[in-house]
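Have a look at the structure below, then the notes.
The values are calculated or read from the model by the stated rules, or taken from the named source; none is laboratory data. Keep in mind the model is a prediction, meaning the values are calculated, not measured. Neighbour counts run over all protein chains shown; Cβ positions are idealised from the backbone, glycine included. Note: accessible area is taken over every heavy atom of the protein model, side chains too, but ligands, DNA and RNA are not part of it. Shrake-Rupley method; radii C 1.70, N 1.55, O 1.52, S 1.80 Å.
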Amino acid sequence: TRTEQERALLQTTTLYVGNLSFFTTEEQIHELFSKCGDLRRIIMGLDKVNRTPCGFCFVEYYLRADAEMAMRYVNGTRLDDRIVRTDWDAGFVEGRQYGRG
Amino acid sequence: MVESMAKHLKDYLKNCEWEKARYSVRFLSDLVNCHVVSAGSLIQLYDTMMEAALEPNTPQVRRDWFVYAILSALPWVGRELFEKKERDLDRLKETIDSYISRRVKDHLVSLRVWTGQTLHPQEEYLECLWFQICKLRNDYWQEKHIVRPYLAFDTLLSEALQHSLPPLNPPRHTESMVYPMPKVIFRMFDYTDCPELGPVLPGAHSIERYLIEEHLSQILDQNIPERKECAAALLAFPQKSKVPLEYMIIEVILGELFRLPTPQYLEIAYGSLMIELCKSQPSTIPQVLAQAVEILFDRIDTMNPSSFDRFANWFSYHLSNFQFKWSWYDWTPCLEMEQDHPKPRFVQEVLEKCLRLSYYQRVVDIVPKEKNFEKLLPPKPEPRYKYTEDNNNVDPVVVIAAQNLIASVKRKTTPEEAFLTLRDLPNPLQEEGEPDAPYNPLKIDVLVQTLLYLGAKSFTHAFQALAKYHQILKALGSYEEAQICILRSVYEIWHDHPQMMTVLVDKMLRTEIVECSAVANWLFSRDMMQDLTRMYIWEILDMTIRKMSKRVAKLERELAESKEKLKAAATSDGSSDSEAEYGRGRKRKHGVDMPSEKPTEEMIERMEDKVEHAQTDQKNLFLIIFQRFIMILSEYIVRCDTDGKDFKTHWYRWTLGRLQQVFLTHNEQVHRYSDTLETLLFTSDVDSHISETFKQFLALRS
């Protein structure tokens, strides 16, 4: 439900990261986002058909506070010359890494 | 109201809220200007504080605070006291003067961004403010920065009833009190660096420099969570036409970024703020920043490694936001310098960090083509797998085994089955005369390299390989020497990709394939010596120490919480049967210990054991690290002495600086084991150049 969703967003340690270049790698994302704290995992968004990166990913931190730092200091700055957009995400579920091909 | 302010001040002191207490003193002082507080009673307050500052057998950091609080209030009230209480003010000056001249300043060396006394001296904070106050006094206490709204109401206020401050009894020093650490004032610009036509930068000992820097730091503190607003607030500084504001802003931010032991906020907070400043004022800030980078680079020879790292991290990050545009051409002279010189090292580390934020070809493209920049370019971050069929330097038997392993892994057989392909590999340790060798370095190397080679595509692939073979790897690493073998194999295959090495070691520590002590011993082992002047080694060591510290802190926190709960439960009603019943019922339901449940004595004892165990591990880790430092540095000094060479080379400076860095960065944790370190390691036999760093470390809290 909507309230559940809102509560999840207030507690989540996962960020949706968008507007990436198709060529941006997990390594680059790791380097940038780990400046805010230790990362639990990165899940690259993949094209449904070709299974190649398609411009978004999920970044999960161990701590909420670190994710908040990324919202403050990474959101709106550049990676691979593109402005990175971050947003809270209720948490990654298998299958969501596949974008619309 | 005066009374309540005075009470606040006392509470702040009791709770060790030193900054708030300092501002209270300043506020009370300013009240003298509006005739709310009598000048005489303020002098009394200062006298009491000076008494506390002169109290024998208390730490200098405590005594310093009292003096600093008075000095930082004087710009507000100096003129008024000069007019009304000149003799008292002179007496105060004499006392402070003799206090300042008798202070011990062992901490100073380790807190300086530059070890050499370059163009701009890196002054000790209290001493610097003292000089500024002396100059202010010589100027008859005239300053031009402080906003004094009460001046408009002077006639009205002059008839107001004056109050006396109640006497202050500063709380006595106890062991548990923590005081602010000493600081060094960061300076990199003087008036000659700023444009001739603009406003003049206040001199190093002018009180305006102090007041404006403090004001800018406050704006930064209040706004840093919102970097856009922070940039706007800084650029809208009230008296911006009177000073070269951009220079002062950049100096303050870089000063905070380089602050030792550690910056107050995340490094990226300052980095993203500077990006924002560049965007908000593109006509001036980028030029000032570029000038700052040139100045920092120019003076990098004597920059301490902590600041060096932060400089390289920030600069590469900054460049990644501005298309890596930089006048690399100007830095070509460092191509001719020796490898360990800080200048070529800096360019190399920046390019390596740029690579991490972009990709190999990009970095190749940003440096000048015509010059020999390849020398400083990072290698292509690719795996160097040893057991390929075309490698003639490896015994063909081993290559066949490795190829069988690859085939087996690719067939997705169980890890146990795949590992069987290596069962016939000889054990080099046995051949070297160790018949009972408890582990086989060759097997370890083939397995680790092969797994990482197959998982070379990305971090996720590598992590998956480690996860799948976790049990086998864990079993292989049951001896510390075997864990070091695992780490050596990581280096063998990935030495061209420091970031990969770092995340792999991180993962192996988390999944307990290797222990912190093994990582420390590996980093200081002979195999790694050639990389000791590179940044990534110290990133890995730092990450390892932090892991250990986090574990200790977590266990200690849990123990404290449980003790708290036990105490609360004991005081509530002596735990009735029904409550115990309820607790048990809940436990069964959830299958785990509920955090709200009352802990038993045995549980607490078990937790105490765990904490003690973790603390022992932590102490041992520091002992390993410091012992290794002492060993390699002493050996180096002795070797240079016998060869008749000066030991103060780049290598020596780097390594000694890294020792200092461990002390500073982890000072809170290291501090707990100072006594052990003193009796076991930093004894009188150790070369004084090395033991000096320990003395400087102790001075941070004495």
Worksheet item: When the helices in chain A are scored as -39500 (n - 2.57) per DSSP H run of 4 or longer and the sum is shared across all residues, what 222 nm value do you end up with, to the nearest 500 deg cm²/dmol?
Response: -8000 deg cm²/dmol
Item to complete: Please tell me the relative contact order of chain A in percent, rounded to the nearest whole number, where contacts are Cα pairs under 8 Å and at least six residues apart.
Response: 40
Worksheet, complete the sentence: With all protein chains present, the stretch B:596-702 has a carbon and sulfur share of its accessible area (1.4 Å probe) in percent of 47
Discussion item. Just to check I understand the Karplus step: with θ = phi - 60° and J = 6.51 cos²θ - 1.76 cosθ + 1.60, what whole-Hz values come out for the stretch B:415-422, glycine and proline as x?
Written reply: x, 4, 5, 4, 5, 4, 4, 9
Item to complete: Between B:ASP47 and B:ASP298, take the C-beta separation as r, use R0 = 60 Å, and let me know the FRET efficiency to the nearest 0.05.
Response: 0.80
Worksheet item: Taking 0.36 nm per residue of separation and subtracting the Cα-Cα distance, what length does fully extending B:ASN391 through B:ALA467 add?
Response: 24.5 nm
Discussion item. How big is the dipole moment of the stretch B:529-569 about its Cα centre under a simple scheme where the beta carbon of each Lys and Arg is +1, that of each Asp and Glu is -1, and everything else is neutral? Debye, nearest 20, please.
Written reply: 220
Item to complete: Using label points projected 7 Å from each Cα along Cα→Cβ, tell me how many nm separate B:THR192 and B:GLU678, to one decimal.
Response: 4.5
Discussion item. Below 8 Å between Cα atoms, with a sequence gap of 6+, how large is the relative contact order for chain B in percent?
Written reply: 11
Worksheet, complete the sentence: Amide H contacts under 5 Å for A:ARG40, restricted to residues at least 5 apart in sequence or on another chain and with H modeled in the peptide plane, are A:GLU60, A:TYR61, A:TYR62
Worksheet item: Using modelled amide H (1.01 Å from N, peptide plane; none on Pro or chain starts), what sits under 5 Å from the amide H of A:TYR98, excluding residues fewer than 5 places away?
Response: A:LEU46
Worksheet entry | Karplus-derived 3J(HN,Hα), 6.51/-1.76/1.60, for each residue of the stretch B:279-284, Hz, glycine and proline x | 6, 6, 9, x, 7, 10
Worksheet entry | Cα→Cβ-extended label distance, 7 Å offset, between B:THR174 and B:ALA152, nm | 4.7
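Between Rg and the Kirkwood Rh of chain B, both from Cα atoms, what is the Rg to Rh ratio?
On the way: Rg = 30.4 Å, Rh = 29.7 Å.
In chain B, Rg relative to Rh is 1.02.
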Worksheet entry | Total charge dipole magnitude, the stretch B:396-514, about the Cα centre, Cβ charges on Lys, Arg, Asp, Glu only, Debye to nearest 20 | 760
Item to complete: Could you list the residues of the stretch B:191-216 with an amide nitrogen less than 16 Å from a label point located 7 Å from the Cα of B:GLN142 in the Cα-to-C-beta direction?
Response: B:206-208
Practice prompt. Enumerate the amide H contacts of A:GLY55 below 5 Å, restricted to partners 5 or more residues apart or on another chain; note that Pro and chain-start residues carry no placed amide H.
Written response: none
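Take the alpha carbon atoms of the stretch A:13-72, find their radius of gyration, then divide it by 2.2 N^0.38 Å using N residues; give the quotient. All intermediate terms of the calculation are to be shown ahead of the outcome.
Working: Rg = 11.4 Å, N = 60, 2.2 N^0.38 = 10.4 Å.
It is 1.09.
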Practice prompt. Report Rg (one decimal) and Dmax (nearest whole number) for the stretch B:401-530, counting Cα atoms only, units Å.
Written response: 14.1, 40
Item to complete: Work from the charge dipole of the protein assembly as shown (Cβ charges, +1 for Lys and Arg, -1 for Asp and Glu, about the Cα centre) and give the residue of B:SER674, B:ALA407, B:GLY477 farthest towards its positive end.
Response: B:ALA407
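Where does each of B:264-273, B:288-297 land if you order them by average Cβ count within 10 Å, highest first?
Values: B:264-273: 21.3, B:288-297: 18.2.
Highest to lowest by the protection proxy: B:264-273, B:288-297.
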Response to the item:
So the A/B interface buries, both sides summed and with a 1.4 Å probe, an accessible area in Å² (nearest 100) of 2400
Worksheet item: So what J values fall out for the stretch B:462-478 if you push phi through Karplus, 6.51 cos²θ - 1.76 cosθ + 1.60 with θ = phi - 60°, rounded to Hz, Gly and Pro as x?
Response: 5, 4, 5, 4, 5, 5, 5, 9, 4, 4, 5, 5, 5, 5, 4, x, 6
Discussion item. Tell me whether the stretch B:191-376 comes out rounded, prolate or oblate; compute the Cα gyration tensor, take square roots of the eigenvalues as a ≥ b ≥ c, and use a/c under 1.5 as the rounded threshold.
Written reply: prolate
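Determine the sum of side-chain charges near B:LYS645: Lys and Arg each +1, Asp and Glu each -1, restricted to other residues whose C-beta is under 15 angstrom from that of B:LYS645.
Values: positive: B:ARG639, B:LYS648, B:ARG653; negative: B:GLU338, B:ASP340, B:GLU635, B:ASP641, B:ASP643, B:ASP646.
That sum, taken over residues with Cβ under 15 Å, equals -3.
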Worksheet item: For the stretch B:161-204, which semi-axes, largest first and in whole Å, follow from the square roots of 5 times the eigenvalues of its Cα gyration tensor?
Response: 42, 23, 5
Worksheet item: What does the helix-only formula give at 222 nm for chain B: each DSSP H stretch with n ≥ 4 adding -39500 (n - 2.57), the total divided by the residues, and the result rounded to the nearest 500 deg cm²/dmol?
Response: -20500 deg cm²/dmol
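Let me spell out the model: positive unit charges on the Cβ of Lys and Arg, negative unit charges on the Cβ of Asp and Glu, origin at the Cα centre of the protein assembly as shown. What dipole size does that give, in debye rounded to 20? Please list the in-between numbers first.
Working: 100 positive and 117 negative charges, 363 e Å.
It comes to approximately 1740 debye.
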Worksheet entry | Selected from A:THR24, A:GLN11, A:ILE83, residue furthest toward positive end of dipole (the stretch A:1-93; charges at beta carbon) | A:GLN11
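In percent, what relative contact order does the stretch B:396-514 have, based on Cα pairs under 8 Å that are 6 or more apart in sequence? Walk me through the intermediate numbers first.
Numbers: 113 pairs, mean separation 26.3, N = 119.
This gives 22 percent for the stretch B:396-514.
Rounded, prolate or oblate: which fits chain A, taking a ≥ b ≥ c as square roots of the Cα gyration tensor eigenvalues, rounded meaning a/c under 1.5, else prolate when a/b beats b/c? If you can, show how the numbers build up before the last one.
Numbers: a/c = 1.81, a/b = 1.15, b/c = 1.58.
In terms of gyration-tensor shape, oblate.
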